[in-house]
1. Test of understanding: what is the full-extension gain from L79 to H40, defined as 0.36 nm times their sequence separation minus their Cα-Cα distance?
2. Assign one of three labels to the stretch 1-69, namely rounded, prolate or oblate, based on the Cα gyration tensor with a ≥ b ≥ c the square roots of its eigenvalues; rounded applies when a/c is under 1.5, prolate when it is not and a/b is larger than b/c, and oblate otherwise.
3. Give the calculated FRET efficiency between A184 and I162 to the nearest 0.05, with a Förster radius of 22 Å applied to their Cβ-Cβ distance.
4. Okay, helix-only estimate at 222 nm for the chain: each DSSP H run of n ≥ 4 adds -39500 (n - 2.57), divide by all residues, round to 500 deg cm²/dmol; what do you get?
5. Determine ³J(HN,Hα), in whole Hz, for all residues of the stretch 115-121 in sequence, where each value follows from phi through the Karplus function 6.51 cos²θ - 1.76 cosθ + 1.60 and θ = phi - 60°; x replaces Gly and Pro.
6. Under the classification rounded if a/c is under 1.5, otherwise prolate if a/b is larger than b/c and oblate if not, where does the stretch 40-121 fall, given a ≥ b ≥ c as square roots of the Cα gyration tensor eigenvalues?
7. Going 7 Å from the Cα of V24 in the Cα-to-Cβ direction, what parts of the stretch 200-224 have a backbone nitrogen less than 15 Å from that spot?
8. Over the chain, what is the relative contact order in percent, taking alpha-carbon pairs closer than 8 angstrom and at least six residues apart?
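Just so it is clear, none of the values below were taken in a lab; they were calculated from the coordinates. This one's a predicted model, so the numbers in the text were calculated from it and none came from an experiment. Note: ideal-geometry Cβ built from the backbone for every residue, glycine included; neighbour counts use all protein chains shown.
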Amino acid sequence: MSVFDLNNLDLLGTVLSFGLTLIVFSFIFGDNLLFRFAIHVFVGVAAGYAAVMTWYNVLLPEIAVPIIGGSQAERFFALLALVLSTLLFMKAFPRLSGWGSPVVAYLVGVGAATVIGGAVLGTLFPQVLASINLFDFPGSFGNSSPVWVQISNAVVILVGTISALIFFHFGARNRHDRHPERAAWISAVARIGQIFIAITFGVLFAGVYIASMTAFVERMTFSANFILLFFQL
């Protein structure tokens, strides 16, 4: 394959991708004008894409179409959303920012309720059920693993879950002769939880590092293939 096998649009996109890749890699030598230009291009393209997606996926089908040709109920909710959005836009102006405070309060309340509900129903309860099901030895690991392996895995996961939760328990006894301190057994269990949390953060960092290296290798492979493409004229 050579450059003659590409149409003009594909060739232009390939050249731009290679150029922007080199510009981003120039950050190795420190912050410079070209790198800032690439960042501004990325932010501008992302903002433009978000604006287009907002118009075609939110404003047009959820507000414009119901107001123009929707039923009475649809028109009411669309107008309500439009009014609330306009009030939220007032936060950009200092003198009118008070008009947007009720909308912000509503968004914060709904967001907090969603996060708490998601954490309880999507994380806490499933974690508790998963820890309990680990002790259902015939159903959790099957018959392929020895019983002692199943028990060890279940105990380690249960201890890690409980100790990590206790690590975030900050209740302390109020003593008059010295500063409030947590109970000795809570501190001991919290240290074990701290080890599990550190291991978790290490695994997460390794995952981020591997993802970054994957992106780096992909860009290096793309650059090498681009250079070889022009040697095949």
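1. Going from the current span to full extension adds 10.5 nm.
2. It comes out oblate by the Cα gyration axes.
3. Approximately 0.85, to the nearest 0.05.
4. Estimated from H runs of four or more residues: -24000 deg cm²/dmol.
5. Using θ = phi - 60°, the values come out as 5, 5, x, x, 5, 6, 7 Hz.
6. rounded
7. Within reach of a label on V24: 211-224.
8. Across the chain, relative contact order equals 19 percent.
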